[in-house]
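Down below is the structure, laid out as structure tokens.
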Amino acid sequence: FIHVAEETGLMLLIGDWVIKEACSQLIKWPSLPRLAVNISPKQFRQPKFAHKISTILSEYGIVKSRLTLEITEGSLVEDADDTIEKLQALQNMGIHIAIDDFGTGYSSLAYLKQLPLNQLKIDQSFVRDMNTDSNVAVIVETIIGMAKHFGLSVIAEGVETIQQAQYLRDSNCKGFQGYHFSKPLVADE
């Protein structure tokens, strides 16, 4: 439904609602240091996106450093100057920026070094195949090494087995997300 929501313009309303729900949850979880929220490309492309995020966080009284915005590679390549300006504004506020599904988009390494980022999230397609495909394993290790060189943290998405988790730990990955640790839960759980 996300594709349809973007085509019809509903994604902007849904995106605002998601940010507000995240803020509401951060209030309920005061000990949670940071919560990550996915941002749609259409949402990110709004002219006053950074200002809107800042306004919502202020309305809820949320310290901006408690929010990470996850943005896909594809939404970053449309207009380099606009992208850098928005990301810099968000980061100047203290908001963390992560590239979601890293490795599946179209960003070049030259472009990547210009972006003000905090984190790369390795796409689950790489994590899924890294224990059975040595070429994919090299890609995962390269992403981890590159992120470390740029001073970025890394989260591996889609970690479903103990073997995947161990391989990533051995490769110096410190962040994990996936069913091996927990399936999605309702907030109370």
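The values are calculated or read from the model by the stated rules, or taken from the named source; none is laboratory data. If you're wondering where the values come from, they're calculated on a predicted model, not measured in any experiment. Note that we place each Cβ from the backbone using ideal geometry, even for glycine, and neighbour counts take in every protein chain shown. Ligands, DNA and RNA are stripped out before the accessible areas are found, and what is left, the full protein with its side chains, is counted by its heavy atoms. Shrake-Rupley method; radii C 1.70, N 1.55, O 1.52, S 1.80 Å.
The table below gives the values:
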| read-out | value |
| --- | --- |
| Residues (farther than 18 Å from residue 76 by Cα and exposed (fewer than 12 other Cβ atoms within 10 Å of the Cβ)) located in the range 1-11 | 1, 4, 7, 8, 9 |
| Per-region count, the range 142-171, residues more than 30 Å from residue 85 (Cα to Cα), assigned to a helix (DSSP H, G or I) and open to solvent by less than 90 Å² (accessible area, probe 1.4 Å) | 5 |
| Residue 95 being closer than 19 Å to residue 70 by Cβ, touching a strand residue (DSSP E or B) at 6+ places or on another chain (Cβ under 7 Å) and at pLDDT below 95 | no |
| First in the range 5-25 and in contact (Cβ under 8 Å) with a residue 12 or more places away in the chain, second anywhere and charged (D, E, K, R) and surrounded by 17 or more Cβ atoms within 10 Å (Cβ to Cβ), Cβ under 6 Å, 6 or more apart | 6/42; 11/42 |
| Residues that are small (Gly, Ala, Ser) and under 16 Å from residue 99 (Cα atoms), drawn from the range 146-184 | 147, 151, 153, 156, 158, 175 |
| Test result for residue 128, out of contact with any Lys or Arg (no Cβ under 9 Å at 6 or more places or on another chain), basic (Lys, Arg) and either buried (at least 17 other Cβ atoms within 10 Å of the Cβ) or closer than 19 Å to residue 44 by Cα (or both) | yes |
| Boolean, residue 138 is out of contact with any Lys or Arg (no Cβ under 6 Å at 6 or more places or on another chain), free of Cβ contacts under 8 Å to residues at least 60 places away in the same chain and either loosely packed, with under 13 Cβ neighbours inside 10 Å or farther than 20 Å from residue 76 by Cβ (or both) | yes |
| Helices (runs of 4 or more DSSP H) enclosed by the range 12-115 - at least 1 residues per element that are open to solvent by less than 30 Å² (accessible area, probe 1.4 Å) and over 27 Å from residue 158 (Cα atoms) | 49-60, 80-93 |
| Options 123, 81, 188: the member that is charged (D, E, K, R), touching a strand residue (DSSP E or B) at 6+ places or on another chain (Cβ under 6 Å), within 23 Å of residue 38 (Cα to Cα) and free of Cβ contacts under 8 Å to residues at least 40 places away in the same chain | 123 |
